[in-house]
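Peer 1: Sharing a structure with you now.
Where a number appears in this text, it was derived from the coordinates with a stated rule and is not lab data. Owing to the predicted nature of the structure, the values given are computational and were not obtained by experimental measurement. Using ideal geometry, Cβ is built from the backbone for each residue, glycine included, and neighbour counts are taken over all protein chains shown.
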Amino acid sequence: MSTFADKIHQSIQRTGSFLVAGCDPVIEKLPSFIRAEADQSARSDAEWLERVLRRFCEVFISSVEGRVAGIKPNIAFFEQYGLPGLTVFSELCGTIRAKNIPLIIDAKRGDIGTTATAYSNAFLGKVSVRGRSFCGFEGDALTINPFLGFDTLEPFLRDCSERGKGLFVLVQTSNPGAKDLQGLSSEGRTVSDRVADWINERAETLKGACGWSGLGAVVGASYPDEARSLRARMPSSFFLIPGVGAQGANAKDSVAGFGVMNGSVGGALVNVSRGLLEGTAESEEQLRQVISANADTFNSQLNAALSLT
């Protein structure tokens, strides 16, 4: 059975990119031509929402395919539109996986006992209904929240081990208030340090043939000094690095979270979401050009920053 670590490592090698494209639609910020198309054909508000979201996702995937190592939709941007949003989210997951593009679902789930198991079933594991097993929103990896305790992570870890999936545990997030809790110190370690040490202790569980582990960490580019320290604590784990672009960090900041394996720099994925949509697009062709050009620019900036390390 292949592992998430190997799948994402192979995708990085195939595309020459360490970028993960965040697919986070906000309808009022989408190009007007997409909304206008839905106006022509939708017979209800629910159908209109589905058509707008589906159209955007189709263009988005085709624009980043081959340019990024993976795609990371944040389920909140679909949940906010109710059942139509979740319908499109389910379709989106299936389309990305059918194209063999690594799919990281950003849901930041975390809870105790059977609730954690149910969350894991939804994105990583399986449920059985009338003799048929399925995963409702299957991804290749999932972001999770450890702050209810490490025991709450075990159901997710178990499904990943059994099904070749990956996890990105929140360790050092990119928001300004991250230090309010994550930076608290006890016995010489911050909360982030304690989470990082737990990840490192269990990293072997999801280790791939490439040497990297799919038991990964979310470590924001906004805190490069902390990223270097956390990399030392988690030398073999993949890092998912948000914060570049709209949140104020740049490519040079993000490389602080990269590691080295067998003499090669890697083990990290840099997320860009809003930055991919920066620009004016009044047609499908222009939207494709905006997204693809932004992806190419971020790739060039990141590769240039990595060449200086």
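Peer 1: I need to check one value: relative contact order of the stretch 103-161, counting alpha carbon pairs closer than 8 Å and at least 6 residues apart, in percent. Mind showing how you got there, number by number?
Peer 2: On the way: 91 pairs, mean separation 26.3, N = 59.
Computed value for the stretch 103-161: 45 percent relative contact order.
Peer 1: Moving to a separate point now. Under a 5 Å amide H to amide H cut-off, with H placed in plane at 1.01 Å, what residues pair with MET261 once short-range neighbours are removed?
Peer 2: Amide H neighbours of MET261, under 5 Å, 5+ apart: GLY266.
Peer 1: Step through the residues of the stretch 11-23 one at a time and calculate ³J(HN,Hα) from phi using the Karplus curve (6.51 cos²θ - 1.76 cosθ + 1.60, θ = phi - 60°), rounding each to whole Hz and writing x for Gly and Pro.
Peer 2: Per-residue couplings from phi come out as 5, 4, 5, 5, 8, x, 10, 9, 7, 10, 8, x, 9 Hz.
Peer 1: Quick one: the Cα spread of the stretch 1-42 along its three principal axes, in angstroms, biggest first?
Peer 2: For the stretch 1-42, the Cα spread along each principal axis is 46, 22, 16 Å.
Peer 1: While we're here: Over the stretch 138-249, calculate the relative contact order: mean separation of alpha carbon pairs under 8 Å at least 6 apart, over the residue count, as a percent. Don't jump to the answer; show the numbers that get you there.
Peer 2: Details: 182 pairs, mean separation 29.3, N = 112.
Across the stretch 138-249, relative contact order equals 26 percent.
Peer 1: Please rank TRP212, TRP48, fewest neighbouring Cβ atoms within 10 Å first, as an exposure proxy.
Peer 2: Working: TRP212 29, TRP48 17.
Lowest count first: TRP48, TRP212.
Peer 1: Testing the spin-label approximation: label points 7 Å from Cα along Cα→Cβ at GLN10 and LYS29. State their distance in nm.
Peer 2: Distance between the two pseudo-spin positions: 3.4 nm.
Peer 1: Right, another one. HN-Hα J couplings of the stretch 97-108 from phi, Karplus 6.51/-1.76/1.60, θ = phi - 60°, integer Hz, Gly and Pro as x?
Peer 2: With coefficients 6.51, -1.76 and 1.60, one gets 5, 5, 7, 6, 8, x, 10, 9, 8, 8, 10, 6 Hz.
Peer 1: Among ILE61, ILE12, rank each residue by its count of other Cβ atoms within 10 Å, from fewest to most, as a rough exposure measure.
Peer 2: On the way: ILE61 19, ILE12 23.
Arranged by neighbour count, lowest to highest, ILE61, ILE12 become ILE61, ILE12.
Peer 1: Turning to a different aspect of this structure: With a 10 Å cut-off between alpha carbons and a GNM built on the chain, which of GLY166, GLY94, GLY22 moves the most?
Peer 2: Result for the chain, Cα springs under 10 Å: GLY94 fluctuates most.
Peer 1: Whole-Hz ³J(HN,Hα) for each residue in the stretch 231-244, computed from phi via Karplus 6.51 cos²θ - 1.76 cosθ + 1.60 with θ = phi - 60°, x for glycine and proline: what do you get?
Peer 2: 4, 5, 7, 10, x, 10, 8, 5, 9, 9, 10, x, x, 7
Peer 1: What share of the DSSP beta bridges in the chain is antiparallel, in percent to the nearest 5? Spell out each step's value before the answer.
Peer 2: On the way: 9 of 37 bridges.
Looking only at bridges with both residues in the chain, the antiparallel portion is about 25 percent.
Peer 1: Using Cα-Cα distances under 8 Å and only pairs 6 or more residues apart, what relative contact order does the stretch 176-309 have, in percent?
Peer 2: Details: 200 pairs, mean separation 23.3, N = 134.
RCO, the stretch 176-309: 17 percent.
Peer 1: Which three numbers, in whole Å and largest first, are the semi-axes of the equivalent ellipsoid of the stretch 68-210 derived from its Cα gyration tensor as √(5λ)?
Peer 2: Values: eigenvalues 145, 64, 48 Å².
Taking √(5λ) for each eigenvalue gives 27, 18, 16 Å, largest first.
Peer 1: Using DSSP, restrict attention to beta bridges with both residues in the stretch 176-309 and report what percent are antiparallel, rounded to the nearest 5.
Peer 2: On the way: 6 of 13 bridges.
Of the beta bridges lying entirely in the stretch 176-309, close to 45 percent run antiparallel.
Peer 1: Additional query: Could you work out the equivalent-ellipsoid semi-axes for the chain, taking the square root of 5 times each eigenvalue of the Cα gyration tensor, largest first, in whole Å?
Peer 2: Working: eigenvalues 182, 114, 64 Å².
After scaling each eigenvalue by five and taking roots: 30, 24, 18 Å.
Peer 1: Based on the mean of other Cβ atoms within 10 Å per residue, sort peptides 151-164, 226-239 so the most packed one is first.
Peer 2: 226-239, 151-164
Peer 1: OK, next. Considering every pair of different Cα atoms, what Kirkwood radius, in Å, is found for the stretch 100-141? Display every interim value, and only then the final one.
Peer 2: Details: mean 1/r = 0.0908 Å⁻¹.
This gives a value of 11.0 Å.
Peer 1: With just the Cα atoms of the stretch 157-309, tell me how far they stretch along each of the three principal axes, in Å, largest first.
Peer 2: 54, 36, 32
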